[in-house]
Amino acid sequence: MKTLNARKREAGLVRRHRRVRGKVSGTAARPRMCVTRSNNNLYVQVIDDAAGKTIVGASTLGADFKATGKKAGTVEGAAALGEIIGKKAVDAGITEIVFDRGGNLYHGRVKAVAEAAREAGLKF
């Protein structure tokens with residue numbers, strides 16, 4: 001059973017994510033890059049919302065991330081994941097995206113993913 005504070009925090013995250021998703025939508029020309037953050041891991045997907053399909057995805061649990069040797073819950077690990085997703089997206093022919101921070105603050109690991117993806121060749 002979750003404590004009252006944990007339920008409030010989770011409800012706030014859901015509320016913020018709903019608000020962000022009301023403003024951000026991906027198309028075939030400019031898909032949405034969605035970042036999901038847990039305490040230990042990060043998950044990133046590039047999604048075409050018009051077709052309802054995930055184009056590319058990566059997480060800190062994947063083999064390509066494990067090959068980097070970085071720790072999953074750190075800013076350095078997030079930067080490595082941003083570089084991986086940026087390269088995958090560019091290989092898939094995607095150069096422009098819309099960034100979806102998923103209700104999280106644009107700070108720390110979420111910011112590191114975004115900046116590394118920009119350096120890999122994606123335009124926000």
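Bear in mind these aren't lab numbers, they're just calculated from the coordinates by the rules spelled out. Predicted, not measured: the structure shown is a model, and the values here were computed from it. Glycine gets a Cβ as well: all are built from the backbone with ideal geometry, and neighbour counts include every protein chain shown.
Couple of notes before you dig in:
- Between Ala28 and Lys53, the simple label model (points 7 Å from Cα in the Cβ direction) yields a spacing of 0.9 nm.
- Stretched out straight at 0.36 nm per residue, the stretch from Val75 to Glu119 would grow longer than its current Cα-Cα span by 14.3 nm.
- Note: relative contact order over the chain, using C-alpha pairs below 8 Å and six or more positions apart, is 28 percent.
- Reported label for calculated Rg/Rh (Cα atoms, Kirkwood Rh) given (1) 0.98; (2) 0.93; (3) 1.08: (1)
- Formal net charge of residues neighbouring Thr36 (Cβ-Cβ distance under 14 Å; K, R +1; D, E -1): +4
- Charge dipole of segment 4-119 about the Cα centre (unit charges at C-beta), most positive-ward option of Met33, Gly86, Gly22: Gly22
- Here segment 4-119 is treated with +1 on each Lys and Arg Cβ and -1 on each Asp and Glu Cβ, and its dipole about the Cα centre works out to around 720 debye.
- Long-range amide H partners of Val56 with built H, under 5 Å: Val46
- Helical runs assigned H by DSSP (4 residues or longer) give the chain a calculated mean residue ellipticity at 222 nm of -13500 deg cm²/dmol, each run adding -39500 (n - 2.57) before division by the residue total.
- Links that overshoot a 26 Å alpha carbon limit, given the list Lys23/Lys71; Lys23/Lys123; Lys2/Lys70: Lys23/Lys71; Lys2/Lys70
- Working from label points 7 Å from Cα in the Cα-to-Cβ sense, the Tyr106 to Asn41 distance is 2.7 nm.
- Range in the chain, longest, excluding exposed trypsin sites (Lys or Arg not before Pro) [loop by DSSP; at most 13 other beta-carbon atoms within 10 Å]: 3-70
- With a simple spin-label model that places each label point 7 Å from the Cα along the Cα-to-Cβ direction, the separation between Val20 and Asp91 comes to 2.6 nm.
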